[in-house]
Each structure stands twice: as C-alpha cells, then as structure tokens.
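Trainee: Have a look at the structure that comes next, please.
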Amino acid sequence: MAREWTPSSWRERAAKQQPTWPDATAVDEVLKVLSGYPPLVFAGESRQLRQDLGRVARGEALLLQAGDCAESFDSFNAVSIRERLRLILQMAVVLTYSTGVPVVKTGRIAGQFAKPRSADFENVGGRELPSFRGHIVNDPAPTESARIPDPTRLLQAYQQSAATLNLLRAFTKGGFADLARVHAWNLEFVAQSPEGGRYEALANDIDRALRFMSACGVNTESVPHLHEVDFYTSHEALILGYEEALTRQDSLTGDWYDCSAHMVWIGERTRELDGAHVEFFRGIHNPIGCKIGPAATADEVVELCDALDPERAEGRLTLITRMGADSIGDRLPPILRAVRDSGHPVVWACDPMHGNTFTSNSGHKTRHFDAILAEIRGFFAAHAEVGTWPGGVHVELTSDDVTECLGGAEALSDDELDLRYETICDPRLNGRQSLDLAFEVAEMLRSA
Ligand code: PEP
Ligand code: CO
C-alpha cells in the first residue's frame, strides 16, 4: 500500500537546505498569501510537456534545458528576458536544423531563484557570513543583515516569475519566435564572431527552405508551428514551503500539480530517498527531474526511479546526470544499464556544468569550456555503449557578454575572468560559448 500523500506530507520528513527563517509566523503568513494567489502555470501545460518529454524518452526528440544558475531580482527587465529566450531559440534551431530532430525547449527561468549551498557559512573578503541562498531567500551583499532570510522575498519571487512568464508567453506566441525571423535571433555581439557567421549561414538555409515551402503554399502564417513555439519553464524546487503553496488540484483530473513551473527538479544535495524533497515530488504530477552526481550508485538511482516514477510513465522523470568530465566514462554506464533494465522510461539529460566547477588561480569559481564539451562527449559515448538515447543537455548560460567560463572560441583566459564576471552564483556560458556549444552538440549527434 502506498503511503498517503498530501502537499504538506513532506513536513514529516527531514528537509535539507531550507532557510532558517528568523520568524516562523511571518513565513506562515506569507505562505498563506501565496496559496491564495493564482497558479503560475496550468496543469494542462505541464501535461503537454510530459507528452513532449515522452517523445524524448522514446528517442524521437531532444531536450534543451538552459538558463541562469540563479535568476536575480536586480537584473529583472524585458531585455534580459528577451535575450535569454532569443539565445535558447537560436541554440534550438541549430540543433533542430543540423540533426532533423525536434527540440523540447525548457528554460531555467521564471522561478530559478533558490540555491542549495555546500556550507551554511561562506568567506567573503575575509569575513565569515551566512551563505547566500538565492534571491528568494536573502541578498548576496557582504553584510550580516543582507544575509538574514526574509520571507517577503517569496512574494517577490512569485511576482517576478509571473511577469517573466507573461512576457515569455507574449514572445513565444506573439510573433517573436516566428521561424521567418530566424536571422533576427542572432545576438548583436555574437553576429560578428565566427559562431555568429556560422549561424547566419544556417539561417540563410532555413530562409531558402521557407521560401521554397511558401512557393508550395505553406508559410509561417498558415502553419502555427512555424509561427510560434512551445517554451516551458523549470527550476529547482528547493524551498518546499513555497512549492507547497503553489501546489493545486487540477479540476479536470483531480491530480495535484506544482503550479510554480511546468517542470521542477530535485537537486543533487536533496535527493535522499527518505527526505522531504522526494516525498513532495512523488505526489505532484508535473514532469520532474532529479540530478544525479558522481557518488550515486546504480541501485540508489533505481530506487529513486521507483519512488518518483512508480507507474513507469514516459516523460514523467528526467535524470540529469552531472558527473564531471573525468568521472562520466566510469560512473554513467552502470547507471544507464540498471535504469534501462528496471524498465523506467526516463529521459537522460547531461548537465556538463556542475561536475566541472573549480576555483582558478585568480580566485574565480569557473568552468572550462573544454571540460564542458568533454563531459557531453562522455555522455554520448556512454549512451552509445549501452544503447540508450542521449536525450538532451542542461546548461547554465546567459545571453550577456560575460567572462565567467574559461576557453571557448574566444579562448578566455584566467586573467580575463575579472573583466565581466557578473554571476551571483555559478559561472555561466556567455552568448558565443552557448552558440558554439549548440554547434558542437549538433555535430556529436550527427555523428552518433
Ligand atoms: C544547479 O542546477 O544550479 C545545481 C545546484 O545543481 P546540482 O544540484 O546538480 O549541484
Ligand atoms: Co548552478
């Protein structure tokens, strides 16, 4: 007999990585307000994403999940939302055009605010301060008072997510994503680079194909699929009180959905089988993800699949592996075999970022573009070895011209990281590196 589940049954389990709010009553009040607010997404949209991910699970489509490590309350504006969307659309078009496989587009956006931390305290310029846990909890400014968890931030996260989603819906359904505008997606600072030039050539090919189809009577106005795109939102559902407050029962099916995003995932640090996160996730009907790091054993991963996907449903569960370029060749194949043999039809996605983070000589937390590519290459090799479908990639990026990850076509060096190191959490690929990555992945897929 399955244990009873409710949106609050996680409260009987140990919940890791939750903020120590200074005033429990203030948090309860905020959560009560949130639970009366409208849902951010609809259950029907989450079901649509589950179907789309089902196609990925069957090897008929690819998943591109991308966006900020941590969204910021400070850089919240229309241009930043538009440019991140534009870059993801551009990467998706590169992948689709080069491989002929449809791409399911999901942003780490409109809710990606909470950050798990390895330690409760961090050293900032010689001072020990409570760790920054994402703008939904506290502020990164290096003072004691900025680091105190503030529950009104939960409301601000909701409002920013709502406004971001509103604009994303307008852009993706209102003409911005029309395939006829494929040239206009080239970011200005990228357009002049070799990657930008490579993209222009591909966009010219697409233009030519569209003109041909138009001459045959098919154009982007007559075919909605060419005029708009389905773009989904996702984030790590870390702060369980917030997620519970946005969990609603669907009137059509009677099922519970976490309506804070279309897809939510469990992070590497909170995936204990008997923990609060697994308990919460098992009861929601969204498509869900779970990060899998290098310490995970094959048995443990199968147990997670049994807990999170008891019905063995295509599109329900995405396992996002983040092994590190040096470990993936040894660690991934046994896990792939065990999950395949267990009959769970999961989507496999490669997060090549979180297993390849290190602190450089200049003192910056960074990642090398070559290690990121090497992990993706290892991911493809492991799937080829086992005969499973390398379903997609999960990356941290920004459209901004930042200098946070080493290498890439610009060959960014350690001395250059300081130029525009702007992230509030992990180092992200910039626009050029992201586009370059899309071309590299497309090539790996073509030769796979
Ligand atoms: C993240 O995706 O930002 C993250 C913290 O990942 P992980 O849980 O895999 O470390
Ligand atoms: Co991160």
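Trainee: Say the dipole of the chain comes from +1 at the beta carbon of Lys and Arg and -1 at that of Asp and Glu; which of Thr143, Thr366, Phe121 then lies farthest toward its positive end?
Mentor: Checked the options; the winner is Thr366.
Trainee: Let me ask something else about it. Rounded to the nearest 5, what is the percent of antiparallel bridges among the DSSP beta bridges in the chain?
Mentor: Numbers: 11 of 45 bridges.
Antiparallel bridges: around 25 percent, rounded to the nearest 5.
Trainee: Further, regarding this structure: Amide H to amide H, which residues 5 or more places from Ser75 or on other chains are under 5 Å from it, using H placed in the peptide plane?
Mentor: none
Trainee: Looking only at Cβ-Cβ distances, which cysteines of the chain have no other cysteine closer than 4.7 Å?
Mentor: Taking the Cβ cut-off of 4.7 Å, the unpaired cysteines of the chain are Cys216, Cys259, Cys290, Cys305, Cys350, Cys405.
Trainee: Through the Karplus equation 6.51 cos²θ - 1.76 cosθ + 1.60, θ set to phi - 60°, convert the phi angles of the stretch 225-236 into ³J(HN,Hα) values in whole Hz; use x for Gly and Pro.
Mentor: Using θ = phi - 60°, the values come out as 5, 8, 9, 9, 10, 8, 10, 10, 10, 7, 7, 6 Hz.
Trainee: To continue, here is another question. Assigning unit charges at the beta carbon (Lys, Arg +1; Asp, Glu -1) and nothing else, what dipole magnitude in debye, to the nearest 20, does the stretch 306-350 show about its Cα centre?
Mentor: On the way: 6 positive and 7 negative charges, 16 e Å.
The calculation lands at about 80 debye.
Trainee: I've got another one for you. Report, by chain and number, residues whose modeled amide H sits under 5 Å from the one on Leu412, excluding near sequence neighbours (fewer than 5 apart, same chain).
Mentor: Gly407
Trainee: Sticking with this one: Name the shape class, rounded, prolate or oblate, that the alpha-carbon gyration tensor gives for the stretch 289-448, where a ≥ b ≥ c are the square roots of its eigenvalues, rounded holds for a/c under 1.5, and otherwise prolate holds if a/b is larger than b/c and oblate otherwise.
Mentor: It comes out prolate by the Cα gyration axes.
Trainee: So if each residue of separation counts as 0.36 nm, and I subtract the Cα-Cα distance between Val218 and Glu443, what length gain in nm does that give?
Mentor: Values: separation 225, 0.36 × 225 = 81.00 nm, distance 2.93 nm.
Going from the current span to full extension adds 78.1 nm.
Trainee: Based on the Cβ-Cβ distance of Phe73 and Ser145, what FRET efficiency does E = 1/(1 + (r/R0)^6) give at R0 = 22 Å, to the nearest 0.05?
Mentor: FRET efficiency, Phe73 to Ser145: 0.85.
Trainee: Can you figure out the FRET efficiency of Val101 with Ala26, using R₀ = 41 Å and their beta-carbon distance, to the nearest 0.05?
Mentor: Values: r = 49 Å, r/R0 = 1.19.
In this case the efficiency is close to 0.25.
Trainee: Starting from the Cα gyration tensor of the chain, take the square roots of the eigenvalues, sort them a ≥ b ≥ c, and report rounded, prolate or oblate (rounded when a/c is under 1.5, otherwise prolate if a/b is larger than b/c, else oblate). Can you show the working numbers first?
Mentor: On the way: a/c = 1.33, a/b = 1.21, b/c = 1.09.
Note, shape of the chain comes out rounded.
Trainee: Turning to a different aspect of this structure: Nearest 5 is fine: what % of DSSP beta bridges in the stretch 47-189 come out antiparallel, could you say?
Mentor: Working: 4 of 10 bridges.
Approximately 40 percent, going by the DSSP bridge assignments.
Trainee: Using the crude model of +1 on Lys and Arg Cβ and -1 on Asp and Glu Cβ, and no other charge, please compute the dipole size for the stretch 171-289 relative to its Cα centre, in debye to 20.
Mentor: Dipole of the stretch 171-289, to the nearest 20 debye: 380 debye.
Trainee: Distance in nm between label sites at Ala184 and Ser251, each 7 Å beyond Cα in the beta-carbon direction?
Mentor: Between Ala184 and Ser251, the simple spin-label model gives 3.6 nm.
Trainee: If you don't mind, another one. Using unit Cβ charges (K, R positive; D, E negative) and no other charged atoms, how large, in debye to the nearest 20, is the dipole of the chain about its Cα centre? Before the final figure, lay out each step's value.
Mentor: Numbers: 44 positive and 65 negative charges, 180 e Å.
It works out to roughly 860 debye.
Trainee: Moving on to the next point. Which residues in the stretch 72-87 place their backbone N less than 19 Å from a point set 7 Å from the Cα of Lys365 along the Cα-to-Cβ direction?
Mentor: Output list for this probe position: 72-75.
Trainee: Another question, then. What's the lysine pair count for the chain at a Cα cut-off below 29 Å, pairs eight or more apart or interchain?
Mentor: Count of close lysine pairs: 12.
Trainee: Which of Ala325, Ser98, His227 sits farthest toward the positive end of the charge dipole of the chain, with +1 on the Cβ of Lys and Arg and -1 on the Cβ of Asp and Glu?
Mentor: Working it through, the farthest residue towards the positive pole turns out to be His227.
Trainee: With a point put 7 Å past each Cα toward its Cβ, work out how far Glu200 is from Asp401 in nm, to one decimal.
Mentor: Inter-label distance under the simple model: 1.6 nm.
Values in this text are rule-based calculations from the coordinates and carry no lab data. Since this is a predicted model, take the numbers as computed values, not measurements. All Cβ positions, even for glycine, are placed from backbone atoms using ideal geometry, and neighbour counts span all protein chains on display.
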